């Protein structure tokens, strides 16, 4: 899957940018940007994101589309379950994670997943995370092996986001929507990751959507 990585930081813009601007450097091995963008927010991250979705400021931006079937010129419709790009938030603050979950639920953003990052000895590490179907937890150390934890968490959240998107499509259009090639590909990806077969995944997600028709 294609991934766009954004550093999203809250606080004094000059101080925050000083901390993170080195992340804009290019990886010499892959010749790819380490980070695509930096967002500096003086309001809570969740509130910033909510305004971003409502205003859809990307409508007039030069967006690079990864998928040819994606509609052009409409910005990024985060709340549309057919939108290809899923959003994954990693944050060590349980309040920020909870705020994103609340906003995603309110705005119907099926493709958003949150990861609470916890590391011993740092601020807020002992504060519990409010349970939510969108959220997973990562307990990190200071080793390179932590990259495996992030990869597993990211994959799990991507699959959960796919599942929510498929459920929303089933809810709107019924299980026959799986005849659409793009949706069938999503179901196939879910079935491979879950170690299940295609029809079983369709049946389970169809039940979550409130329909029990095979």
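Details
- Cα-Cα P(r), the range 113-214, percent of pairs per 5 Å interval: 2, 12, 19, 18, 15, 11, 9, 7, 5, 2, 0
- Per-residue packing, averaged as other Cβ atoms within 10 Å, sorts the ranges 187-194, 8-15, 95-102 into the order 95-102, 187-194, 8-15, beginning with the highest.
- In the chain, helices alone account for a calculated mean residue ellipticity at 222 nm of -13000 deg cm²/dmol, with every DSSP H run of four or more residues adding -39,500 (n - 2.57).
- Prolate/oblate/rounded label for the range 72-166 (Cα gyration tensor, a/c 1.5): prolate
- For semi-axes √(5λ) of the Cα gyration tensor in Å, the candidate list reads (i) 48, 35, 13; (ii) 30, 21, 18; (iii) 29, 25, 15; the entry that matches the value derived from this model is (ii).
Throughout, read-outs are computed from the coordinates displayed, never taken from laboratory work. What you are looking at is a predicted structure, and each value in this text was computed from that prediction instead of being measured. A quick note on method: Cβ atoms are made from the backbone with ideal geometry, for glycine too, and the neighbour counts reach across all protein chains shown.
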